[in-house]
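Structure record follows, encoded as structure tokens.
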Amino acid sequence: MSLVIEAPPVPLRADAAGVLRVGKTRVPLDTVVYTFNQGASPEEIVMSHPTLALTDVYAVVNYYVHNRDEVDRYISEREAEAERMREENEKRFPQEGIRARLLARRQKQNEG
């Protein structure tokens with residue numbers, strides 16, 4: 001009898017926005033990697049995110065360990081994009097004077 005050695009596919013999928021999600025859940029790869037890097041075991045990750053399957057978390061952690069540079073680059077790009085979006089939103093919706101604008105809006109609504 002011979003043993004067939006074959007690796008199952010990594011349970012990652014890209015959603016419509018290009019975010020890599022684990023298995024059939026909405027949990028992003030970033031979350032699993034961050035939690036793993038904080039010292040959590042796959043079992044602890046599943047306890048924190050019960051929609052995840054333990055086998056999926058083990059597979060994703062294994063993928064991360066073997067492709068750390070590529071995954072870290074993906075996460076860095078996502079963080080940079082999030083920062084660009086935050087800056088853009090701050091420019092479009094400045095925080096300065098927000099209290100005064102909200103109070104003026106409330107007063108106008110109360111008058112009308």
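Any idea which of (1) closer than 21 Å to ALA82 by Cα; (2) at pLDDT 95 or above is the one ALA17 doesn't satisfy?
The one condition ALA17 does not meet is (2).
Yes or no: LEU54 touching an Asp or Glu at 6+ places or on another chain (Cβ under 8 Å) and loosely packed, with under 15 Cβ neighbours inside 10 Å?
Values: touching an Asp or Glu at 6+ places or on another chain (Cβ under 8 Å): yes; loosely packed, with under 15 Cβ neighbours inside 10 Å: yes.
The answer is yes for LEU54.
Residues that are out of contact with any strand residue (DSSP E or B) (no Cβ under 7 Å at 6 or more places or on another chain) and among the acidic types (Asp, Glu): find the helices (runs of 4 or more DSSP H) completely inside the stretch 1-81 holding 2 or more of those. Before the answer, list the steps.
Details: elements: 29-37, 42-48, 54-66.
Counting at least 2 such residues, we get 42-48.
Give the stretch 2-19 a look and list any residue that's surrounded by 10 or more Cβ atoms within 10 Å (Cβ to Cβ) and either of a type in the set (Asp, Glu) or in contact (Cβ under 8 Å) with a residue 40 or more places away in the chain (or both), or say none.
VAL10, PRO11, LEU12, ASP15, VAL19
The values are calculated or read from the model by the stated rules, or taken from the named source; none is laboratory data. No experiment lies behind these values; they were computed from the predicted model shown. Neighbour counts are summed over all protein chains in view; Cβ atoms, including those assigned to glycine, are modelled from backbone coordinates with ideal geometry.
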